[in-house]
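All of the numbers you see were taken from the coordinates with simple rules; none came from a lab. From a predicted model like this one, the values you see are computed outputs, not experimental measurements. Positions of Cβ are backbone-derived with ideal geometry, glycine not excepted, and every protein chain shown enters the neighbour counts.
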Amino acid sequence: MGLRPLNVAKWLEFDEHVDDELALKTQLLRERYDDVVATLPGSEEAAAELVRELTANLESYHPTRSRAISDEHPIVAASRLVQEDLCLLERRDAWRLSAACVCFPSRWSLASKLGATLDEIHGPVPGYDDALAGPTNAFFDRLGAERSYWRLNWTLLDSPVLHQPRGARRPPSGALSDWFFRVERQTLRRLARSGAVVFTIRTYVAPATTLVREHPDFGEHLWRALASAPPAVQDYKGWRGVADRLADALRSG
Ligand code: HEM
């Protein structure tokens, strides 16, 4: 599962793109609300607890980021405070996605996942059923409010656009100079009162050429990860043939 313990002082990450990304959220909430927000009835209480938790965290660790709370569904109000996308899962018959504000999805549709279980959400992910479904459900049942976790997920795309709600996971077009390395830093926390689990997704995008130039080992590590991924994962992620194209680009400098 790739989970590591999270220091709550580092739950939320702000960088120099904060103003642009919050403005983009505002625009998406105005123009594409149904693409970026999904809520089940009854999710307001857990979302309000999330607002309180976020506000307290901002006051403690990012005091300059404290803001007034808008009068909307609290999952939306919470999302306007931070660069992260926010999801809430609540235990009903199973863990289900009950509320989310996801402005920067990596090629998946939020509406199609509302109310879905963890297994259903991950239906398209190769190997999830066999290797990850059991441990992930058990992890959600065991997760306590006192210990939080984070994990990373990454891919290569041919566009730096943050809002990518759908589209086939096809290999990136063009060459290394057209590619972007996209990383999701995800965190998982249990809310003490409602018992809901908060899943945050913080998306970072950097031009692949910059990373190859600035980090001498990056190209080779990337190549190894692409080349060693099982065929089903290569298909799912849109990585077929990409390792060979990367090797050519690295050789030709
Ligand atoms: C321990 C917790 C979790 C693990 C280990 C996990 C693992 C994974 C993995 C391996 C993938 C494939 C992604 C890739 O490599 O590109 C994935 C995709 C995804 N995950 Fe998770 N995940 C976790 C929690 C969650 C939660 C809580 C959500 C709630 C929204 C979520 C939503 C998704 C979505 C929407 C995708 C894309 C699915 C698609 O292609 O339609 N994940 N996850």
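Choose one of Ser60, Gly238, Ala38: the residue whose Cα lies farthest towards the positive end of the charge dipole of the chain (beta-carbon charges +1 Lys, Arg; -1 Asp, Glu; about the Cα centre).
Value: Gly238.
For the chain, with a Gaussian network of springs between Cα atoms less than 10 Å apart, report the residue from Arg193, Arg185, Arg107 with the top mean-square fluctuation.
Most flexible of the set in this elastic network: Arg193.
Please report, in debye to the nearest 20, how large the charge dipole of the range 48-191 is about its Cα centre when each Lys and Arg carries +1 at its beta carbon and each Asp and Glu carries -1 there.
Details: 19 positive and 18 negative charges, 37 e Å.
In debye, rounded to 20, the range 48-191 gives about 180.
Report the Stokes-Einstein translational diffusion coefficient (µm² s⁻¹, integer) for the range 88-189, Rh taken as the Kirkwood radius over Cα pairs, at 20 °C with viscosity 1.002 mPa s. Could you put the intermediate results ahead of the total?
On the way: Rh = 15.5 Å.
After rounding, the answer is 139 µm²/s.
Sort the following peptides by mean Cβ neighbour count (other Cβ atoms within 10 Å, averaged over residues), highest first: 89-95, 196-202. Could you put the intermediate results ahead of the total?
On the way: 89-95: 16.0, 196-202: 22.3.
For the peptides 89-95, 196-202, the packing ranking is 196-202, 89-95.
Can you bin the range 14-62 into rounded, prolate or oblate? Criterion: square roots of the alpha carbon gyration tensor eigenvalues sorted a ≥ b ≥ c, rounded for a/c under 1.5, prolate for a/b above b/c, oblate for the rest. Let's see the in-between values first.
Details: a/c = 3.90, a/b = 1.02, b/c = 3.82.
Verdict is oblate for the range 14-62.
Could you tell me which of Gly174, Leu132, Trp108 has its Cα farthest along the dipole of the range 4-251 towards the positive end, charges placed at Cβ (Lys, Arg +1; Asp, Glu -1), taken about the Cα centre?
The residue sitting most towards the positive pole is Leu132.
Suppose every K and R has +1 on its Cβ and every D and E has -1 on its Cβ; what is the size of the dipole of the chain about the Cα centre, in Debye to the nearest 20?
On the way: 32 positive and 35 negative charges, 72 e Å.
Dipole size: approximately 340 debye.
Once the dipole of the range 4-251 is set up with Lys and Arg at +1 and Asp and Glu at -1 on Cβ about the Cα centre, which of Leu152, Ala206, Leu81 lies farthest towards its positive end?
Leu152
Quick check: Cα centre of the range 35-107 to Cα centre of the range 209-253, how many Å?
Comparing the Cα centres of the range 35-107 and the range 209-253, I get a distance of 35 Å.
Can you list, bin by bin at 5 Å, the percent of alpha carbon pairs in the chain, starting at 0?
Spelled out per bin, shortest first, that is 1, 6, 12, 17, 18, 17, 13, 9, 5, 2, 0, 0.
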